[in-house]
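This report refers to the structure that appears directly beneath it.
Every number here is computed from the coordinates shown, using simple stated rules; none is lab data. Just so you know, these numbers come straight off a predicted model, no measurement behind them.
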Ligand SMILES: CC(C)(COP(=O)(O)OP(=O)(O)OC[C@H]1O[C@@H](n2cnc3c(N)ncnc32)[C@H](O)[C@@H]1OP(=O)(O)O)[C@@H](O)C(=O)NCCC(=O)NCCS
């Protein structure tokens with residue numbers, strides 16, 4: 001078990017990206033990134049419009065969960081700037097893999113690189129055996145990210161999208177430790 005301070009200080013480094021715990025100073029970049037409807041409409045529990053108080057609440061909640069060992073939440077740094085977020089959040093029956101990138105950072109392979117970093121940590125270091133995720137059915141780019149990481153589709157459900165104010169068709173996915181280590185690590 002990592003001590004609380006070690007958990008908050010944890011950084012994961014990839015070829016182009018660094019993942020670190022969110023800080024209050026990231027609030028503005030988070031508002032700018034997730035505030036775009038093209039981003040929030042692809043996420044389940046994100047309001048639109050997105051206010052600074054929403055970002056601050058998310059940062060405080062994330063830090064509490066990370067410190068308690070309940071979840072992993074990272075901001076994604078690209079070229080030294082906050083480009084997005086990637087999380088392994090509390091979930092049942094397994095932690096939930098979630099992520100977003102601000103629009104200027106799309107299309108460079110960053111989601112796949114950030115996902116691989118956090119999943120490798122989750123499976124190799126944090127002892128996870130299964131991760132759940134999913135995408136809204138009209139999000140082929142995100143489905144492709146998950147396919148590259150080894151996720152498999154389990155079925156289709158309908159999930160509430162807060163920004164859209166509607167239930168939206170959703171492809172439910174999962175990734176086992178064995179499959180990630182064999183195919184995608
Ligand atoms: C989805 C999202 C995370 C993708 O980030 P990204 O860094 O651009 O993703 P990557 O570049 O790592 O991979 C995207 C892949 O999808 C492909 N792709 C892009 N648009 C596509 C489309 N319309 N149909 C099919 N594939 C598509 C890309 O070519 C790429 O595959 P490749 O590496 O084989 O060429 C980003 O667009 C985003 O944040 N969107 C809004 C929030 C969101 O959807 N979060 C995920 C919720 S499940």
From the Cα gyration tensor of segment 89-185, with a ≥ b ≥ c the square roots of its eigenvalues, which class applies: rounded if a/c is under 1.5, or else prolate if a/b is larger than b/c, or else oblate?
oblate
Beta bridge orientation in the chain: antiparallel %, DSSP, nearest 5:
95
May I ask for the Kirkwood hydrodynamic radius of the chain, worked out over all distinct Cα pairs and given in angstroms to one decimal?
16.5
On a C-alpha basis, how far is the centre of segment 1-80 from the centre of segment 126-152 in Å? Whole number, if you could?
19
Reduced Cα scattering model of segment 54-114, Debye log10 I(q)/I(0), q = 0.18, 0.21, 0.26 Å⁻¹:
-0.68, -0.87, -1.12
In a Gaussian network model over the chain where Cα atoms closer than 10 Å are linked, find which of 34, 103, 76 has the largest mean-square fluctuation.
103
